[in-house]
Amino acid sequence: MIEQDTIRLLRECDAGVKMGIASIKDVLDYVKSEDLKTALSDCKDEHQKLEGELEKELDRYKDEGKEPNPIAKSMSWMKTNIKLVMNESDKTIADLITDGCNMGVKSLNKYLNQYEAADEHSKDIVKKLIKLEDDLAKNIRKFL
């Protein structure tokens, strides 16, 4: 049960970190403020570090991880592009990223509760991602 919950938790975290990276990449070219660009770039770098850590853990279990849900990814991309076409501003970007961070925090906490038998190291990785998402949402509030 521990190993099964651990793998499932790591997979969900893997999908979440990939979704976060993709979402940040989708908006970076539109950012005007250097402060916002730096916050997003730094967070993307931290997501990529966590992605590497997740890959190592998943490799240990001989698992390939999980891609984000294609429908969710497509919907996110469409929402981002529609909103940016209507209003290409840092405020719009901060709003989109904040929504994504909040959804990520909610989902990851749900998975932490759902896969409570997962090992502590895996839970710690998920908690790092939750903190990263939560901190980003707080750090970009000034752009809302």
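What do you get for the angle between helix 2-28 and the principal long axis of the chain? Use alpha-carbon atoms, 0 to 90 degrees, nearest ten.
Here the helix axis deviates by roughly 10 degrees.
For the full complex of protein chains and a 1.4 angstrom probe, list V85, V27 by accessible area with the highest value first. Let's see the in-between values first.
Details: V85 125, V27 0 Å².
These residues rank, largest area first, as V85, V27.
Checking a compactness column here: for the chain, what do you get for Rg(Cα) / (2.2 N^0.38 Å), N being the number of residues?
1.06
Which of the trypsin sites (Lys or Arg not before Pro) found in the range 48-92 are in a DSSP loop and have at most 11 neighbouring Cβ atoms, other than their own, within 10 Å? Before the final figure, lay out the partial values.
Working: sites: K49, K56, R60, K62, K66, K73, K79, K83, K91; in loops: K62, K66.
The qualifying sites are K62.
Considering only protein heavy atoms and a 1.4 Å probe, what is the carbon-and-sulfur percentage of the accessible area of the range 60-144? It would help to have the intermediate numbers written out before the result.
Values: 2950 of 5410 Å².
So the carbon and sulfur contribution to the accessible surface is 55 percent.
As a test of reading the structure, rank M19, M78, M1 by solvent-accessible area (1.4 Å probe, protein chains only), most first.
On the way: M19 45, M78 90, M1 155 Å².
Reading off the accessible areas and sorting them downward yields M1, M78, M19.
Please give, to one decimal in nm, the separation of the simple spin-label points placed at I71 and A117, each 7 Å out from Cα toward the Cβ.
Distance between label points: 2.9 nm.
What ranking of Y30, Y115, Y61 comes out by heavy-atom accessible area, probe 1.4 Å, highest first? List each step's numbers first, then the result.
Values: Y30 70, Y115 25, Y61 50 Å².
My answer, sorted largest first, is Y30, Y61, Y115.
How far apart, in nm, are two points set 7 Å out from the Cα along the Cα-to-Cβ line at L144 and at Y30?
Output for this residue pair reads 1.8 nm.
So for the pair D135, I2, with labels modelled 7 Å out along Cα→Cβ, what separation do we get in nm?
Inter-label distance under the simple model: 2.9 nm.
Tell me, what is the 1.4 Å probe accessible area of E116, in Å² to the nearest 10?
130
Tell me the per residue accessible area of the chain using a 1.4 Å probe; a whole number in Å² is fine.
Details: 8280 Å² over 144 residues.
About 58 Å² of surface per residue is accessible.
The values are calculated or read from the model by the stated rules, or taken from the named source; none is laboratory data. Predicted, not measured: the structure shown is a model, and the values here were computed from it. Positions of Cβ are generated from backbone atoms using ideal geometry, with glycine treated the same way; all protein chains shown enter the neighbour counts. Ligands, DNA and RNA are excluded from the accessible area calculation, which covers all protein heavy atoms including side chains. Shrake-Rupley method; radii C 1.70, N 1.55, O 1.52, S 1.80 Å.
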